[in-house]
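For reference, the structure I am asking about is given below.
The values are calculated or read from the model by the stated rules, or taken from the named source; none is laboratory data. Quantities reported herein were computed from a predicted structural model and do not represent experimental measurements. Virtual Cβ from ideal backbone geometry, glycine too; neighbours counted across all protein chains shown.
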Amino acid sequence: MEIKYLQFSEAIKESHGIGKKKQLLLGNGFSIGCHPSFEYGTLFEQAKKDGLSRRLEKLLNRYGSNFEVTLKYLDEGDFLAKFYGLKQPKESVRGMKADYEKLKRALVKTISDNHPAYPSEISAQKFASCLKFLKNFDAIFTVNYDLLLYWAALHINESEGQEFPFSDGFGRDNDPDDPDCSFSYTRLGDRPYLFFLHGALHLYTKDGHVWKRVWNTKKIPIIKQVSDAFKKKEYPLFVAEGFSTDKMKKIESSSYLSQAYRKFKNIEGHLFLFGHSLGEQDDHILHAITHAERLNLSYLCIGLHGDVKSRHNQEIVRRAYSMQHQRDKIIPSAKKKKGGGELNIAFFDTTSAEVWKN
C-alpha cells in the first residue's frame, strides 16, 4: 500500500498551511528515545532484580516482557475461570487477582526506581531539542507515566524566565501554603493544554482530590517523593489495566483523568502521534480519535520509527486506515455533502523530528 510518508518538517509545514490547531499525543516511544531504561525489556530486568515473584517472571517471559499484555491475560484468565465455572482451588483464582494487582504496582514502582532522579541527568541539548519539537503544538497529551514531559515543560519555564507554559489545571488557589498543587477544572485557562491521560508518577489522589507533586516548595526531588510515598503504600495515580475497557473504568472514576479524556475527545484540526503504536490496549484512545466531538479532527499524522515496511509499522498503518474507515462510516450525510468530517491520514519519520537530539 502506498502511503503518504513525510519528514517531520514537511508534515508541520503542511499543517501550518491549513492553519488549524495542532495537537500532540505521546506514547512510550517518546520516553524510550530519551532514556532506554523505559523499554519494556529493561523494565522487566529491573523488576526481576527488585524481587518479582517467580510466577510473574514466568508469565512475563511468556508474553514478551510486556507488562500490559501480561496484565490483560491475567484479567482474562480470572474472567474465564469464573465464566466457565472451572473447578480450581480458590487459591488459584485469588492468586490471579493478587498477581494482577502486584504486577500493576511492580510496573509503576519499576518505572519510578529506574527513572532518572534529577532533570540534570538529561543533557541541556536533549531538552533544547525536545522543546523545539513541543513548541510546534497547541495542546499536548501523553499516555506515559514518567516525568520527562513534565520536566521538559518546566525547562521552558527555567530557560525562558516565564511562568509554566501549559494549562494543566493544577494550582494552589484554595490554600497557597499547600506543599503540592491540586487539580480543578476551573483553573484550565487559555494556554496550551498538557494532560497525562493515564496518570503519572507525580500525580496522586488524596481526600477525593487529585494532586501534583512539585519540587519548589519541598526542595525534595519528585522521584524521591514518589519513592517515599511507596514505602507508606501511597501510590501514584496511574492507569495500568490490561484491557482498554478496564482502563476506561479507571479513567471515569477520577475527576482529573475523566476531564483529560474529555479534552482529548474535543480535539479538532490536526493530531500528531509520536511513539504510539495504536495498540489494542489503547482502543479507548483510538475511539476518542475516531469519534472526536463534532468530527472536526481532519488530519492525523502518525510517526513511524525505523523501516516503514517492518511488520510493526505495517500494523500501525493498517490500524490507522481502519480508523479512517470507521470515521467514514459515522460521518452524517449532511456533513459529507459539505465536504467535512473526513479524516486524512499521513505518516512521518520520527527520526526526522530529532526530539531528543544530543
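Taking segment 1-39, which residues are farther than 23 Å from Ala320 by Cα and crowded, with 17+ Cβ neighbours inside 10 Å?
If the condition is that a residue be farther than 23 Å from Ala320 by Cα and crowded, with 17+ Cβ neighbours inside 10 Å, then Cys34, His35, Ser37, Phe38 are the ones that fit.
List pairs: first residue in segment 75-87 and within 16 Å of Lys102 (Cα to Cα), second residue loosely packed, with under 11 Cβ neighbours inside 10 Å and modelled with pLDDT of 75 or more anywhere in the structure, Cβ distance under 9 angstrom, at least six positions apart or on different chains.
So the pair list comes out empty.
Within segment 50-68, is even one residue under 30 Å from Ile140 (Cβ atoms), part of a helix (DSSP H, G or I), over 19 Å from the mean Cα position of the chain (by Cα) and outside the structural domain of His305 (by TED's automatic domain parsing)? So that I can check it myself, show each step before the final result.
Initial filter on segment 50-68 (under 30 Å from Ile140 (Cβ atoms)): 64-68.
So of that shortlist, the ones also part of a helix (DSSP H, G or I) come out as 67-68.
Cutting the leftovers down to over 19 Å from the mean Cα position of the chain (by Cα) gives us none.
Scanning segment 50-68, I find no residue that is under 30 Å from Ile140 (Cβ atoms), part of a helix (DSSP H, G or I), over 19 Å from the mean Cα position of the chain (by Cα) and outside the structural domain of His305 (by TED's automatic domain parsing), so the answer is no.
Please go through (1) at pLDDT 80 or above; (2) of a type in the set (S, T, N, Q); (3) in a helix (DSSP H, G or I); (4) within 23 Å of the chain's Cα centre (by Cα) for Asn136 and return the number of the only condition it doesn't satisfy.
Status for Asn136: all satisfied but (3).
Follow-up. For segment 3-34, enumerate the residues that are within 15 Å of Ala353 (Cα to Cα) and among the β-branched types (Val, Ile, Thr).
Passing the criteria: Ile12, Ile32.
For Ser258, indicate whether it is over 15 Å from the mean Cα position of the chain (by Cα) and under 23 Å from Asn144 (Cα atoms). Walk me through it before giving the result.
Values: over 15 Å from the mean Cα position of the chain (by Cα): no; under 23 Å from Asn144 (Cα atoms): yes.
Taking the combined requirement at face value, the residue does not satisfy it.
Suppose the filter is polar (S, T, N, Q), touching a residue at least 24 places away in the same chain (Cβ under 8 Å) and loosely packed, with under 15 Cβ neighbours inside 10 Å; does Asn358 pass it? If you could, list the steps in order and put the result at the bottom.
Details: polar (S, T, N, Q): yes; touching a residue at least 24 places away in the same chain (Cβ under 8 Å): yes; loosely packed, with under 15 Cβ neighbours inside 10 Å: yes.
Yes, satisfied.
Given the criteria closer than 28 Å to Leu131 by Cα and outside any helix (DSSP H, G or I), does Val317 qualify? Don't jump to the end; show me each part of the working.
Details: closer than 28 Å to Leu131 by Cα: yes; outside any helix (DSSP H, G or I): no.
So Val317 does not fit the description; no.
What's the number of the condition Asp146 fails, among (1) of a type in the set (Asp, Glu); (2) surrounded by 21 or more Cβ atoms within 10 Å (Cβ to Cβ); (3) part of a helix (DSSP H, G or I)?
Asp146 satisfies all of (1) of a type in the set (Asp, Glu); (2) surrounded by 21 or more Cβ atoms within 10 Å (Cβ to Cβ); (3) part of a helix (DSSP H, G or I) except (3).
Any idea which of (1) touching a His at 6+ places or on another chain (Cβ under 9 Å); (2) modelled with pLDDT of 90 or more; (3) surrounded by fewer than 21 Cβ atoms within 10 Å (Cβ to Cβ) is the one Thr245 doesn't satisfy?
(2)
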